[in-house]
1. So in region 362-377, with the set limited to residues that are part of a loop (DSSP other than H, G, I, E, B) and either buried (at least 20 other Cβ atoms within 10 Å of the Cβ) or not small (Gly, Ala, Ser) (or both), which one is modelled with the highest pLDDT?
2. Report yes if some residue within region 238-249 is within 20 Å of ASP335 (Cα to Cα) and crowded, with 22+ Cβ neighbours inside 10 Å; otherwise report no.
3. Regarding region 6-27, can at least one residue be identified that is exposed (fewer than 15 other Cβ atoms within 10 Å of the Cβ), modelled with pLDDT of 95 or more and over 26 Å from THR254 (Cβ atoms)?
4. Going by the conditions given, is SER174 of a type outside the set (Lys, Arg), surrounded by fewer than 21 Cβ atoms within 10 Å (Cβ to Cβ), closer than 21 Å to VAL290 by Cβ and out of contact with any Pro (no Cβ under 7 Å at 6 or more places or on another chain)?
5. For ASP63, indicate whether it is under 17 Å from ILE260 (Cβ atoms), modelled with pLDDT of 95 or more and surrounded by fewer than 22 Cβ atoms within 10 Å (Cβ to Cβ).
6. Can you say whether VAL228 is in contact (Cβ under 8 Å) with a residue 60 or more places away in the chain and farther than 20 Å from ILE298 by Cα, as far as the supplied structure shows?
7. If we only count helices (runs of 4 or more DSSP H) wholly inside region 280-358, which ones have 2 or more residues that are under 20 Å from ARG171 (Cβ atoms) and in the same structural domain as HIS237 (by TED's automatic domain parsing)?
8. Which residue out of ARG276, ARG269 is in a loop (DSSP other than H, G, I, E, B), within 30 Å of ASP27 (Cβ to Cβ) and touching a helix residue (DSSP H, G or I) at 6+ places or on another chain (Cβ under 8 Å)?
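The values are calculated or read from the model by the stated rules, or taken from the named source; none is laboratory data. The shown structure was predicted, so the numbers you read here are calculated from the model rather than taken from an experiment. Heads up, the Cβs are rebuilt from the backbone with ideal geometry, glycines too, and the neighbour counts pull from every protein chain shown.
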Amino acid sequence: MKKLGVLGSTGSVGSQTLQVIEAYQEDFELVGILAKRASEKLLSQAKRFRPKYISCYEEPSRDWLGELPEGVTFLKGEEGLKAIVEESEALMNAISGMDGILPTYLILEKGKRLLASNKESLICLGWLVKEKRELIVPVDSEHNALFQLLSGVKESEVKRVYLTASGGPFRKKSLEELKHVTLEDTLKHPTWRMGAKITVDSATLMNKGMELIEAMNLFDLTIEKLDVLIHPQSVVHGIVELIDGSFLLHASQTDMRVPILYSLYYPHRKPFPFERKSLLELSPIEFERVDTEKFRSIALCKWVALMGGVYPAVLVGADQIAVELFLQGRIEFLDIVNLVEDILSSVSLKDPENIGEVIEAIQWAYTKGRELAGVEE
């Protein structure tokens, strides 16, 4: 029985992880679940799964604590995080955004297996990710696909590696039309249901640019070997082009429980315990080039990848504030990438040497973005 911790248990990936665990509950001992808030959903998860620890970063009410099942211990914030990491063998880090960076650091420093679904930490902690690769199983569909594909070929046989992107809601819109899109338009993703931040990143393709940096760190690839293809059906999640003209494709239905199941049991496989789609239902599939004039984020992220050092952390902070300002209605859609570029152009920081300096660089970028956008504190 594997001792498992789920961080970010109330989010999309965290909730689906618990669904998989429930389907195979005899294989897992749930050490702890952690979320940001003392929500009714977190309380419900505690009642249903009865982990040893439950943790969040806000102070719960007395009534909330009173409803915890017998044997479930509440620990607040970082104390809970450290206890769950300490007693788990593997941890799903499904915390979204910058809050997931410290957990990834603690998991890898403790030598525990990381089921990695936090984009920001894989970008910002590049040196640690490279050092501890053998502990990491990527969960996000694209990197999980490449993880599986690349394990079956020699590095010398790989010509190019492709991440796929749905193209988001604006795949067929012109650059001129993008000047007039609304927040409501932006949040209508054609294939995936996600939170507001990642949905906006999918519309700008910033998420895909960031995934290129993740792939560099996870698989020891140069940015020259990596590229993005538009694939509207979101069925093929990763492609490896070999030197002999072959293409290896990883395909599955658009259900995050597929890569979650794989990551929980790696290096073994288990039957998918939910509704499955046939190959015919997943057809047909098509690929398109990325319009780099319209989606400038791809080139911007490739530049960040080449620069390295402090720039990945600045990119994360810059995108965070740019998307926040867009969601607040303070800037327009095309201003998102423009603002990120302006912040990156303003960097005068030294390269970070520890996690504290990574966090400082992210915070600097966030503050700089507010300043450049003329937003008062």
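1. VAL375
2. Within region 238-249 (the criterion being within 20 Å of ASP335 (Cα to Cα) and crowded, with 22+ Cβ neighbours inside 10 Å), the answer is no, since none of the residues qualifies.
3. Yes.
4. Yes.
5. Considered against the rule, which asks whether it is under 17 Å from ILE260 (Cβ atoms), modelled with pLDDT of 95 or more and surrounded by fewer than 22 Cβ atoms within 10 Å (Cβ to Cβ), ASP63 comes out as no.
6. No.
7. By residue number, 297-307.
8. ARG269
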